[in-house]
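These notes concern the structure reproduced below.
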Amino acid sequence: MLFKKFIGLKRKQYFSPSPQERGRRSSLKLLIFILGMMFLGSLASAQSSTEGQAFPKGKLPHKVAILPVKIHSPENLEYMQEGLVDMLSSRVELAGRVAVLEKGPVKKAYNQVSGEMNLENARKIGHMLEADFVVFGSLTKLGDSASLDLKVVEVKKEDSGSSVFVQAKKMEEIIARVDDLARKIDEKILGYPLKPQVAEKPAEAAKEIGGFPTIAAVSGPVRMGIGFAGGEFWQSQPFPFQIMGMAAGDVDGDGQNEVILIGEKNLYIYRWDGEFKLLWKREGGKFDRYLAVDVADVNKDGKAEIFVTNIQGEKLSSFVVAFKDGAFRTAASGLDWFLRAVEWGEKGTVLLGQQKGYQIGFERAIYEMGWDGKTYKEIRRAELPKIFSIYGFTPFTYDGKTDYFFIDSDFRLKLMNAQGKVTWSSQDAYGSDNVFQAKPLVVGPGLRFEDADELAYVNVRVIPRGRDILVIRNISITGQFFTRTKSYSKGEIQILTWTGAMFAARWKSQEIQGYLADFQVQDVDREKKKELILAVNLPAETFFSGGKNSALMISRMPDVQ
């Protein structure tokens, strides 16, 4: 079948073939390579069918429909659609556990659905075929590099599916890694790894000064689904308050990073010394409500200042704490700004400010902030397209180009180019319960805070690292049914990587019980390795406890660059 494109080709008698002829030869070589891999794959699949855990007795295998991949390439690669389906089918099939449906009925159902292939259409095809899972996606080839990005969708489950992908510098390498991709698909379907994970080295014993006592380092490439498991996680002592935000940096100039936490009305500075010990506390006033905290050395004195976004009723009254003359002092107060520090490529760390609107929380322009010798104020309007909010926002620089990654008012992750066009949007929601009243509430009998005409949310932090984005995803027990108020019972940290066409989930932690308030990537134990520090508001042990306990959860930061 696959050789039909080449049966009628005649070799031209030139010493130097034309570009078209060289392209045909390259395609022919690739096709032969594909067929060879398909033959080898048929042998490998027979062996892999006996791998892993046995399928439960009496349970039928999962029926899977593999759809033709969509091709994104200036070259004509349509002939690869059928070859990729054949290769994936032979490898995904696992006797007694995963049954891949025949191509004929799948292709017939695929042709009956119009419009872009998305989750809705994939599930529609799955119902037509009475399949348990549907696999669909795209092959992108730009220049020499290529990426195969797929979604594994459970037909009867209303979620965003699971992403699996492979990338390579040459198309032949993509084909060679289809085995690995098929294994990932099977693991998503079965819910367990097909091969036992390589045991990590046991955690080193705690030192008298320095390292966290029970953290095991994550070594090697980051792998999807390998997260805070098997002793890779360490939890601090509990804190008797709910964490609203967290930052980490050297705020006193001693060369060691401190951890700064904010509750609803108080600021805390902690240092690791066998445990997190409180260095300093600033108590807020009766009407204060702390929303966010960041650290940055804006005045360039070698010590990072602490920037706290504070709201008093409907008015912002943010402040700055700095270490001066041997003590922590309030360096500025009453600032009418939302504040956030972000990494901005060659600019380094930039402090951003945004003022509050009267009707809408985040509607004003975004400014770069600076120290004028007396206070912190706007120095220039940031050269940005219309970004929703400074929270959940970061510039994203890749291949010499800067775009803007942010969480929009609908809680979807989005990528916007410099011209203000959204070029990518997530299926998942990345919500926050850090909410404040933006518009005055009309007083009346029976009115509640949730009845305010306009509530605004301080979105969760996103951190760029090379081509990757780190972000918190909190998971609501109410799903997306209630937009005004949500209750988050668990969450996870995700690493999303840019494939050239989309952000795909490269790694995520196991689900963590509680609300994930904030996180940082910093070295706080003087071991010269960065840790992933996660602030978690722990679930209430009883209904009457109020859920006011929190903790820091620490993991060694895997090398994802």
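The values are calculated or read from the model by the stated rules, or taken from the named source; none is laboratory data. The model shown is predicted, which means the values in this text are computed figures rather than measured ones. All accessible areas refer to the heavy atoms of the entire protein, side chains included, with ligands and DNA or RNA removed. Shrake-Rupley method; radii C 1.70, N 1.55, O 1.52, S 1.80 Å.
When each pair of different Cα atoms in the stretch 277-408 is counted once in the 1/r mean, what is the Kirkwood radius in angstroms, to one decimal? Display every interim value, and only then the final one.
On the way: mean 1/r = 0.0636 Å⁻¹.
That comes to 15.7 Å for the stretch 277-408.
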**Request:** Could you tell me what fraction of 2.2 N^0.38 Å the Cα radius of gyration of the stretch 264-308 comes to, as a two-decimal ratio?
**Result:** 1.35
**Request:** Could you calculate, for the stretch 95-144, the ratio of the Cα radius of gyration to the Kirkwood radius, expressed as Rg to Rh?
**Result:** 1.05
**Normalised convex hull volume, the stretch 73-203, alpha-carbon set, Å³ per residue** = 147
**Asked** What is the Cα centroid distance between the stretch 487-526 and the stretch 359-416, reported in whole angstrom?
**Response** 21
**Request:** For Ser236, Ser114, write out the residues from largest to smallest accessible area, computed with a 1.4 angstrom probe and no ligands counted.
**Result:** Ser114, Ser236
**Asked** If you bin every alpha carbon distance in the stretch 53-138 into 5 Å steps from zero, what whole percent lands in each bin?
**Response** 3, 14, 24, 23, 18, 10, 5, 2, 1, 0
**Request:** Distance between Cα centroids, the stretch 249-296 to the stretch 104-163: provide it in whole Å.
**Result:** 47
**Request:** Please state, rounded to one decimal and in Å, the Kirkwood hydrodynamic radius that the stretch 362-408 gives when every pair of distinct Cα atoms enters the mean of 1/r.
**Result:** 12.2
